[in-house]
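Here the structure is laid out as structure tokens; the discussion comes afterwards.
The values are calculated or read from the model by the stated rules, or taken from the named source; none is laboratory data. Keep in mind that this is a model prediction, so the values were computed, not measured. Note that each Cβ is placed from the backbone with ideal geometry, even for glycine, and that neighbours are counted across all protein chains shown.
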Amino acid sequence: MTDVAARYAAARQIASAAGALALDYFRKWEQLTIDVKGHQDFVSEADRNVELAVRSALKQAFPDDGIVGEEGEPTPGSSGYTWVIDPIDGTTNFINGIPQWCVILACVHHGRTVIGVVHDPVHDEMHHARLGGGAFLNDTSVRCTPKTSLGAGSLGVGFSGRTRADGIKALVNLATDAGTVFWRNGSGGLSLAYVATGRILGYVEEHMNAWDFLAGHLIVAEAGGRVEPVNADDAIASGGRVVVAGAGVFAAVQALATAAYDG
């Protein structure tokens with residue numbers, strides 16, 4: 001088994017176990033201890049403990065790999081592989097009992113994301129891909145939408161307190177004028193996965209952290225979609241803008257993002 005193949009198999013197993021742990025916490029969400037990191041930015045004991053479990057499993061399986069997670073300090077590695085973890089993406093949903101959240105794992109090698117896993121344990125859906133190997137929902141191959149019109153579906157949009165509100169306001173207005181329906185579920189990771197399965201046309205967010213988008217970025221690309229290029233190492237350092245969509249609507253979606261954020 002190649003290095004990437006071994007890590008791909010392990011990533012799915014670790015994400016599944018992490019999802020089961022997170023789901024146990026979710027079932028008692030009203031009892032969680034919550035801390036506020038910033039405006040509309042929360043962290044729970046579940047986030048911290050799930051990340052610790054993922055880090056422990058990765059360290060045991062691949063002790064020379066680096067690890068970057070949303071909640072913990074980076075762990076340097078010597079193998080050339082770096083894992084990027086979001087233990088619970090969609091924490092605001094999670095802590096309020098809304099079943100739209102996921103566990104995200106990505107693996108980066110020399111600036112390229114080579115593995116992506118977005119696991120939704122509530123609905124038993126694991127979206128996953130390895131570089132050059134196609135994209136899957138559980139065991140079924142998936143493809144982005146073949147639609148060519150923004151009026152034929154919904155466009156996922158995201159927003160966080162890290163960015164100015166003017167951008168998302170402009171994007172929503174422009175998307176509405178373009179005839180599409182804007183859609184936000186509070187989990188960028190799940191939204192990217194939904195692009196890969198053709199459930200939504202595309203997804204746009206002015207700034208996302210690496211742990212939120214690298215996995216989904218790869219899954220969309222492997223599902224035949226188009227994505228704005230990103231160097232994974234740069235994303236780990238500073239995040240970046242995310243624009244992805246089915247090939248037939250990508251140009252139109254990118255034009256909306258550019259008009260909203262750069263106009």
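Annotations for the structure displayed:
- Qualifying positions in the stretch 227-252 - assigned to a strand (DSSP E or B) and of a type in the set (A, V, I, L, M): Val227, Val242, Val243, Val244, Ala245
- Checking each residue in the stretch 140-174 for being in a helix (DSSP H, G or I) and either within 12 Å of Ile200 (Cβ to Cβ) or in contact with a Pro (Cβ under 8 Å, 6 or more places away or on another chain) (or both) picks out Leu150, Ala152.
- Considering the stretch 76-99, and only residues there that are crowded, with 23+ Cβ neighbours inside 10 Å and not β-branched (Val, Ile, Thr), the residue that is farthest from Ile115 (Cα to Cα) turns out to be Phe94.
- Residue tally, condition in a helix (DSSP H, G or I) and either closer than 17 Å to Arg12 by Cα or aromatic (Phe, Trp, Tyr) (or both), over the stretch 195-211: 1
- Any chance Thr258 is more than 20 Å from Thr92 (Cβ to Cβ), at pLDDT 95 or above, buried (at least 18 other Cβ atoms within 10 Å of the Cβ) and not small (Gly, Ala, Ser): no
- Checked against (1) within 17 Å of the chain's Cα centre (by Cα); (2) outside the structural domain of Ile85 (by TED's automatic domain parsing); (3) of a type in the set (S, T, N, Q), Gln100 passes all but condition (2).
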